[in-house]
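All of the numbers you see were taken from the coordinates with simple rules; none came from a lab. Since the model is a prediction, treat every value here as computed from it, not as a measurement. When we count neighbours, we look across all protein chains shown, and the Cβ atoms used for this are built from the backbone with ideal geometry, even at glycine.
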Amino acid sequence: MRRLRRSSRGLPGEDLELIEDYNEVVRKARMSLGLTQDELAKQVGEKVTTIKKIEAGEFKPSISLARKLEKLLKVVLLIPAEEPLHELGRYAKKGGELSGVRLGDILKLKKEGRR
């Protein structure tokens, strides 16, 4: 999945990613509201071709566009990105096992701004 940095709103340093089926969610929500692609494009300030490409899964919207779509269509398109397990390995003690890492350790590091 594509990871995106959150804009100035929200928690600093929080990564977001698009849900896997964002294109289907956008298309179904638009249709359930009775909007055409042209009407949706005008309401979010984008070109019709951009909306068509998003619905076809050929274009991934930016955070700001995804937020506009979420607000207008009343859907969720962005979720917090999960840190891959192999990334947690750098916090482990010697031996490369995660047995030395506790949830509190990870929360403390995230609070300090380190990832």
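The table for this structure:
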read-out: Sorted by Cβ density within 10 Å, fewest first, the residues 102, 67; value: 102, 67
read-out: Order of 26, 44, 76 - criterion: other Cβ atoms within 10 Å of each residue's Cβ, fewest first; value: 76, 44, 26
read-out: 3J(HN,Hα) from dihedral phi, the range 28-34, Karplus parametrisation 6.51/-1.76/1.60, rounded to Hz, x for glycine, proline; value: 5, 5, 4, 5, 5, 8, x
read-out: Sequence of 107, 65 once ranked by neighbouring C-beta atoms within 10 Å, starting from the fewest; value: 107, 65
